[in-house]
Amino acid sequence: MIDTIEKEDPVISEEEAAQYDRQIRLWGLDAQKRLRGSRVLLAGLGGLGAEVAKNLILAGVKGLTLLDHEQVSEESCRAQFLVPVTAQGQNRAKASLERAQNLNPMVEVHADPDRVEDKPDDFFLQFDAVCLIGCSRDLMVRVDQLCSQRNIKVFCGDVYGYYGYMFCNLGQEHNYVEEKLKVVKPTRDSNDGPEAKKAKVDLNETTMVKKTASFCTLKEALEVDWTSEKAKAGLKRTPVDYFLLHVLLKFRRDEGRDPDPQSFSGDGQLLRQIRDDVLEALAVRSDLLNDDFISYCFSEMSPVCAVMGGVLGQEVVKATAWSTTLDQTKHLSNLCTGRFYAQIQVFFLSVFHQIIYISSCSTSHEMHLLYLLPLSFNPFSQRIKNSLEKIGIFFFF
């Protein structure tokens, strides 16, 4: 067993400093060094996996391992821009290697054609962050529990047609720094009336506040007791996409694949039956998820992969590069909108319903999906950028 990860002190060369000049100006040299010293495992090289790989490579991690045992198919070529159209029949990880490496020669990109399910526990412990895309529920729960015990950051995500989700677990005690406007207290000898004695907010000055958040495990997130009073109270604030995720993960486990557009009629019937079984097993209303979802959860949509890949890639970068000490976060104060946001634990994207559901981590170890904030946006226009920046998601690569 590997107890610790041996890491050398990362050094930024002059060539790398020139390559990452924009990023260093954005978040500082120390953050880039930490990112440059990070090794990431990316399992699953579909359309979403290609987007995440691109973002991590351009950001400048030390090493990225592409793990995928699937072969390149006509379907995967539609959303996966790292594989050439002439590579059909080849292993997806190996076929993606050349274009991925060409994005940034300074990053060590490796291709592994093995099945992620066959990898022993020790394999995952050599990375600073593990990103699982398109994996089964059982595998994600296994890797999440394993890595959380060793302080290894875990990210899970997927895209099903017009739907997408992201989950991350950074541990029970994750420290981060939040920038807030400075509150100016009035002086005691003020004689200008009651208004002068009230505390005021200085819009021109901010202060850094160190906070600690607790992330729940994926197993806890998926095994909520919906018969409890607290869960029932939060049911109205829980997006239907959470229950849709249960349906799609069960379809994958039962059928060993995802819904196939070529078998739309048959798979549609299976999805309805699985929907009924899942909602009954969770002890929630049978009308929470109507039949409309069936028409919008087949295949991978490139625009959805791009949005989810941007969100997921940014969260990996934030977790591996940004420190929690106050003196090392000064470069974050002007990040796009002038705010530094905590890590996001749960992210749902529903393009068809034109809604984003966000759950930021909290100090409670309760299931975080119960505290979701809906934000309306149009994903195929400029409005998406403004909507995402309001909740601290920025496309900076």
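A few comments on the model shown:
- Note on region 60-75: among residues that are of a type outside the set (D, E) and touching a residue at least 60 places away in the same chain (Cβ under 8 Å), the one that is nearest to A50 (Cα to Cα) is T65.
- Unique match (being out of contact with any Ser or Thr (no Cβ under 6 Å at 6 or more places or on another chain), surrounded by 16 or more Cβ atoms within 10 Å (Cβ to Cβ), under 14 Å from C131 (Cα atoms) and in the same structural domain as Q314 (by the TED database)) among A87, A93, A53, A59: A53
- Residue list for region 177-215, filter: part of a loop (DSSP other than H, G, I, E, B), open to solvent by 40 Å² or more (accessible area, probe 1.4 Å) and at pLDDT 70 or above: none
- Extreme residue, nearest to I133 (Cα to Cα), among residues of region 284-305 that are open to solvent by 60 Å² or more (accessible area, probe 1.4 Å) and among the small types (G, A, S): S295
- Restricted to region 129-159, and to residues there that are of a type in the set (D, E, K, R) and touching a helix residue (DSSP H, G or I) at 6+ places or on another chain (Cβ under 6 Å), the residue that is farthest from N175 (Cα to Cα) is R137.
- Of all positions in region 144-152, none carries a residue that is touching a residue at least 12 places away in the same chain (Cβ under 8 Å), open to solvent by 50 Å² or more (accessible area, probe 1.4 Å), over 25 Å from D260 (Cα atoms) and assigned to a strand (DSSP E or B).
- Scanning region 216-244 for residues that are open to solvent by less than 50 Å² (accessible area, probe 1.4 Å) and among the hydroxyl-bearing types (S, T, Y) turns up T217, S228, T238, Y242.
- Listed by position, the helices (runs of 4 or more DSSP H) contained in region 216-284 that have at least 2 residues being over 28 Å from S148 (Cα atoms) are 229-234, 264-282.
- Just so you know, in region 13-24 the residues that are in contact (Cβ under 8 Å) with a residue 40 or more places away in the chain and surrounded by fewer than 19 Cβ atoms within 10 Å (Cβ to Cβ) include one that is farthest from Q71 (Cα to Cα), and it is E15.
- Identity of the residue in region 263-283, of a type in the set (D, E, K, R) and open to solvent by less than 50 Å² (accessible area, probe 1.4 Å), that ends up nearest to A231 (Cα to Cα): R275
- Residue tally, condition buried (at least 21 other Cβ atoms within 10 Å of the Cβ) and among the aliphatic types (A, V, I, L, M), over region 96-107: 1
- Test result for L125, at pLDDT 85 or above, over 30 Å from F243 (Cβ atoms) and open to solvent by less than 10 Å² (accessible area, probe 1.4 Å): yes
The values are calculated or read from the model by the stated rules, or taken from the named source; none is laboratory data. It should be emphasised that the depicted structure is a prediction, and the values quoted were computed from it without experimental measurement. Note that we place each Cβ from the backbone using ideal geometry, even for glycine, and neighbour counts take in every protein chain shown. Accessible surface is based on the protein model in full, side chains and every heavy atom, while ligands, DNA and RNA are left aside. Shrake-Rupley method; radii C 1.70, N 1.55, O 1.52, S 1.80 Å.
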